[in-house]
Amino acid sequence: MYAESIFSEMQAYYVTLPEGRELIRSYLDRLCAMFYPRAVWYRFVVLEAAEANVLAGIDVELSAERNPALGMRDVRRSVRFPEGFNRELEALSPVLDRWSNLGVTIPFVSDVSEV
């Protein structure tokens, strides 16, 4: 089971807000329980600027990108603006402590220095 970014379900909150972190925690808790002992993989936030800018609590609003695939998203956003990444880790930590079947992946890492 691969738990894609759940922000399409969240529709309103970024991970910097407690509501966004709670949605991640409760969603992953349910998935891990349902599929235990099978693996559940969570991919860290993958949002283009236009998708991120509409979420309440977004840490930095970015202008529209000409080529979103090369823009400020994924690990590039996390390195440049670490608050969102740190809050996402905060949301995942208790779930990782409870469930041995949860794994995480950080998308678009091209060099170990990025993490």
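The values are calculated or read from the model by the stated rules, or taken from the named source; none is laboratory data. Note that the structure is predicted; figures quoted are calculated from it, not measured. With ideal geometry, Cβ positions are generated from the backbone for all residues, glycine too; neighbour counts draw on all protein chains shown.
I'd like to verify a number: residues in the range 88-115 that are in contact (Cβ under 8 Å) with a residue 24 or more places away in the chain and closer than 26 Å to residue 38 by Cα, how many?
Selection size over the range 88-115: 18.
Can you confirm whether residue 23 is outside any strand (DSSP E or B), more than 22 Å from residue 112 (Cα to Cα), aliphatic (A, V, I, L, M) and at pLDDT below 85? Break it down into steps so the answer makes sense when it comes.
Values: outside any strand (DSSP E or B): yes; more than 22 Å from residue 112 (Cα to Cα): yes; aliphatic (A, V, I, L, M): yes; at pLDDT below 85: no.
Against the criterion (outside any strand (DSSP E or B), more than 22 Å from residue 112 (Cα to Cα), aliphatic (A, V, I, L, M) and at pLDDT below 85), residue 23 does not qualify.
Can you run down the residue pairs with Cβ atoms below 8 Å, 6 or more apart or on separate chains, where the first is in the range 29-44 and exposed (fewer than 12 other Cβ atoms within 10 Å of the Cβ) and the partner is modelled with pLDDT of 95 or more and not in a helix (DSSP H, G or I)?
Taking only residues 6 or more apart or on different chains, the pairs are 37/100; 37/101; 38/101.
Given the residues 96, 102, which is the only one that is in contact with a Cys (Cβ under 9 Å, 6 or more places away or on another chain), modelled with pLDDT of 75 or more and surrounded by 13 or more Cβ atoms within 10 Å (Cβ to Cβ)?
Details: 96 fails: in contact with a Cys (Cβ under 9 Å, 6 or more places away or on another chain).
Going through 96, 102 in turn, the sole match is 102.
Checking residue 64 against (1) at pLDDT 70 or above; (2) part of a loop (DSSP other than H, G, I, E, B); (3) not basic (Lys, Arg): exactly one of these is not met. Which one?
Status for residue 64: all satisfied but (1).
Can you pull out the residues in the range 46-55 that are at pLDDT 70 or above and outside any helix (DSSP H, G or I)?
Residues satisfying the conditions are 46, 47, 55.
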